[in-house]
Amino acid sequence: MNKKLIYLDNNATTPCDPRVIEAMTPYFYELHGNAASRNHPFGWRSEEAVDYAREQIANLIQVDPKEIIFTSGATEADNLALKGVYEMYSRKGNHIITLETEHKAVLDSCKKIEKMGGEVTYLKVDRLGRVNLQELEDAIKDTTILVSIMWANNETGVIQDMKAIGEICARKGVLFMSDATQAVGKIPTFPKEMGIHLMAFTAHKMYGPKGVGALFVNRKNPRVKVTSQMDGGGHERGMRSGTLNVPGIVGFGKAAEIAAKEMESENQRLAGLRDKLEKALVDKLEETYVNGDVDNRMAHVTNLSFKHVEGEGLMMTFNQEIGVSSGSACTSASLEPSYVLIALGLGDDLAHSSIRFSLGRFTTEEEIDYTIDQIVNGVNHMRDLSPIWEMYKEGVDLDSIVWEEH
Amino acid sequence: MAYSEKLLDHFKNPKNVGTLDKSSNNVGTGLVGAPECGDVMRLQIQVNDATGVIEDAKFKTFGCGSAIASSSLATEWLKGKSIDEALAIDNMDIVEELALPPVKIHCSVLAEDAIKGAIADYKSKNK
């Protein structure tokens with residue numbers, strides 16, 4: 001198999017940009033010092049490199065470098081923000097508001113907080129995947145300390161109205177945290193403009209290395225503090241102990257610098273390719289639906305449901321060559337399809353029929369053209385095999401059938 | 001997850017895809033699963049009245065690769081068998097033949113249920 005593989009799963013992780021790898025390489029051997037070693041040049045040089053990366057990242061999101069806390073990734077940053085705020089502000093209240101469509105890093109942190117005695121409200125989203133602002137405002141009460149809403153959804157690419165949410169939080173005097181993992185480096189994400197006090201993100205979704213992320217913590221007006229979840233040497237202003245991952249951080253910084261410079265032109269290119277893919281599939285394949293808010297969506301993502309085709313089976317028709325992901329969770333023991341798509345009001349059947357395409361910096365038009373052909377063939381193959389497609393074509397009302405659920 | 005060659009072959013070149021006349025007296029139809037669960041399997045057998053042997057079998061399946069391969073294999077096995085021999089097909093035989101991973105065992109269970117369903121339907125028509 002010497003055919004080139006096509007990667008359209010950039011929301012899972014992005015490849016490291018070669019420029020990022022180049023920047024990181026010296027920090028594995030020549031410049032290997034511990035950034036916390038204050039007494040020799042090995043340490044000083046690593047500290048300088050970390051400081052520089054901190055500036056590159058702060059510049060991307062327009063914050064003070066002192067407001068960046070490095071972590072092992074966005075999952076850790078989400079945990080630190082949620083549990084850290086809950087512990088730090090428990091005198092003020094114990095109530096947190098979030099969305100049903102958040103990433104598991106947020107949802108499972110919230111579950112843990114509930115076990116610790118906290119109260120969490122999980123707001124529903126509308127059919128487009130957006131939070132209802134009035135419902136959010138109504139949910140805030142005296143004991144609310146934090147609202148946690150993701151900037152852009154990993155499955156659908158749907159972007160929330162961060163500015164309006166920030167205004168509500170400011171008016172109500174509660175902290176606003178955002179899991180911006182999918183958004184940072186892809187679209188402009190300036191937390192201070194949006195009234196965001198804490199923001200989690202990671203390098204490996206923006207062409208940086210895996211294993212390094214950050215939490216932005218607002219330092220002034222208000223000065224926000226989080227209780228550390230990892231105790232030790234008191235690194236990162238006491239909020240996250242642990243020797244800094246210097247090569248990772250250097251790569252993260254370089255990735256941020258490139259993103260700041262190239263984001264705009266890259267988005268134009270990706271929107272063109274994404275629209276081409278989406279339009280071709282919707283035109284060529286009947287009963288194909290776009291999931292989520294197409295007017296408030298990241299440029300590189302499309303989430304499609306091909307009615308009466310099971311997503312995982314469909315993927316098997318082309319997954320020797322093309323990497324995408326599906327909302328059909330047939331491989332998991334639970335057999336539950338994507339909770340994000342279910343929250344949008346999709347029936348379980350359409351959720352099982354969904355495929356997420358997430359394009360990236362290295363996606364070419366040729367790859368998109370090839371993908372269109374493969375998906376069209378795959379869907380047609382699967383529909384030829386599908387008894388419910390046959391019934392649908394014969395005009396049988398599928399809802400009238402009593403299915404034997406197993 | 002790496003699938004076996006046999007499974008991939010049944011998935012890419014499924015055997016006996018199609019539809020038999022479900023109103024015919026010598027055809028039995030088994031329809032199992034549900035769209036909400038991500039699997040629907042329809043398996044049909046055509047039985048020779050004189051000999052009692054399954055002379056044809058067809059399927060259509062909405063589901064993952066393992067579900068499609070399991071039903072394709074089941075139709076292959078059914079052809080030429082008597083009703084009693086068909087009833088003896090066990091889901092674990094399918095698991096073994098296709099080397100299904102543990103998370104896909106339910107696909108083989110579904111295929112066995114579809115076989116039993118088709119036979120039950122045939123029997124109810126030919127009491």
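The values are calculated or read from the model by the stated rules, or taken from the named source; none is laboratory data. Source: prediction; values computed, not measured. Virtual Cβ from ideal backbone geometry, glycine too; neighbours counted across all protein chains shown. SASA here: full protein model, heavy atoms, side chains in, ligands and nucleic acids out. Shrake-Rupley method; radii C 1.70, N 1.55, O 1.52, S 1.80 Å.
Taking every DSSP beta bridge that has both residues in chain B, what percent is antiparallel when rounded to the nearest 5?
Values: 17 of 18 bridges.
Given both bridge residues lie in chain B, the antiparallel proportion sits at roughly 95 percent.
Taking every DSSP beta bridge with both residues inside the protein assembly as shown, roughly what % is antiparallel (nearest 5)?
Values: 40 of 60 bridges.
Of the beta bridges lying entirely in the protein assembly as shown, close to 65 percent run antiparallel.
Shape verdict for chain B, please, from the Cα gyration tensor: rounded (a/c under 1.5), prolate (a/b greater than b/c) or oblate. Walk me through the numbers on the way to the answer.
On the way: a/c = 1.94, a/b = 1.69, b/c = 1.15.
In terms of gyration-tensor shape, prolate.
Name the residues whose placed amide hydrogens come within less than 5 Å of the amide hydrogen of residue A:121, ignoring near sequence neighbours (fewer than 5 apart) on the same chain.
Under 5 Å from the amide H of residue A:121: A:96, A:97, A:98.
Using Cα-Cα distances under 8 Å and only pairs 6 or more residues apart, what relative contact order does chain B have, in percent? Could you put the intermediate results ahead of the total?
Details: 248 pairs, mean separation 39.8, N = 127.
Over chain B, the number comes to 31 percent.
Straight-line reach from residue B:6: which lysines have a Cα under 20 Å away, not including same-chain ones fewer than 8 places off?
Qualifying lysines at Cα under 20 Å: B:15, B:58, B:60, B:79, B:104.
Normalising by the residue count of chain A, find the relative contact order in percent from Cα pairs under 8 Å and 6+ residues apart. All intermediate terms of the calculation are to be shown ahead of the outcome.
Numbers: 775 pairs, mean separation 85.8, N = 406.
So the answer I get is 21 percent.
Given points 7 Å out from each Cα along the Cα-Cβ axis, report the residue B:9 to residue A:402 separation in nanometres with one decimal.
So the label points at residue B:9 and residue A:402 sit 4.1 nm apart.
Could you pull the Rg and Dmax for chain A, using just the Cα atoms, both in Å?
In Å, with Rg to one decimal and Dmax whole: 22.4, 79.
Quick one: if you take sqrt(5λ) for each eigenvalue of the C-alpha gyration tensor of segment A:186-303, what semi-axes come out, biggest first, whole angstrom?
On the way: eigenvalues 260, 58, 40 Å².
Here the semi-axes work out to 36, 17, 14 Å.
To one decimal place, what orientation-averaged projected area in nm² is obtained for the convex hull of the Cα set of segment A:18-258? Kindly include the intermediate steps, with their values, before the conclusion.
Details: hull surface 49.9 nm².
Seen from a random direction, the Cα hull of segment A:18-258 projects 12.5 nm² on average.
With each pseudo-label sitting 7 Å past Cα toward Cβ, what's the residue A:134-residue A:231 distance in nm, one decimal?
4.8 nm
What angle, in degrees between 0 and 90 and rounded to the nearest 10, separates the Cα long axis of helix A:104-115 from the longest principal axis of the Cα atoms of chain A?
Tilt relative to chain A: about 70 degrees.
Give me the three principal axis extents of segment A:120-225 from the C-alpha atoms, as integers in angstrom, largest value leading.
That works out to 41, 37, 24 Å along the principal axes.
How many square angstrom of accessible surface are buried between B and A, both sides summed, with a 1.4 Å probe and rounding to 100? Write out the running numbers ahead of the final one.
Numbers: alone 6360 and 18370 Å², together 22020 Å².
Counting both chains, the buried surface is close to 2700 Å².
Per DSSP H run of at least 4 residues, take -39500 (n - 2.57); add these up for chain A, divide by its residues and hand me the 222 nm value, nearest 500 deg cm²/dmol.
Working: 13 runs with 162 residues, N = 406.
Value at 222 nm, helices only: -12500 deg cm²/dmol.
If you average the alpha carbon positions of segment B:1-31 and of segment A:310-383, how far apart do those two centres end up, in angstrom?
Each part reduced to its Cα centre gives a spacing of 23 Å.
Under 5 Å between amide hydrogens, which residues at least 5 positions from residue B:53 or on another chain qualify, with H placed 1.01 Å from N in the peptide plane?
Excluding prolines and chain starts, which carry no amide H, the hits are B:48.
Please work out the C-alpha center-to-center distance from segment B:89-127 to segment A:115-180 and express it in whole Å.
Centre-to-centre distance over Cα atoms comes out at 47 Å.
Leaving ligands, DNA and RNA out of it, report the carbon-plus-sulfur percent of the accessible area of the protein assembly as shown at a 1.4 Å probe. Show your work: numbers first, answer last.
On the way: 11070 of 22020 Å².
With neighbouring chains kept in place, the figure for the protein assembly as shown is 50 percent.
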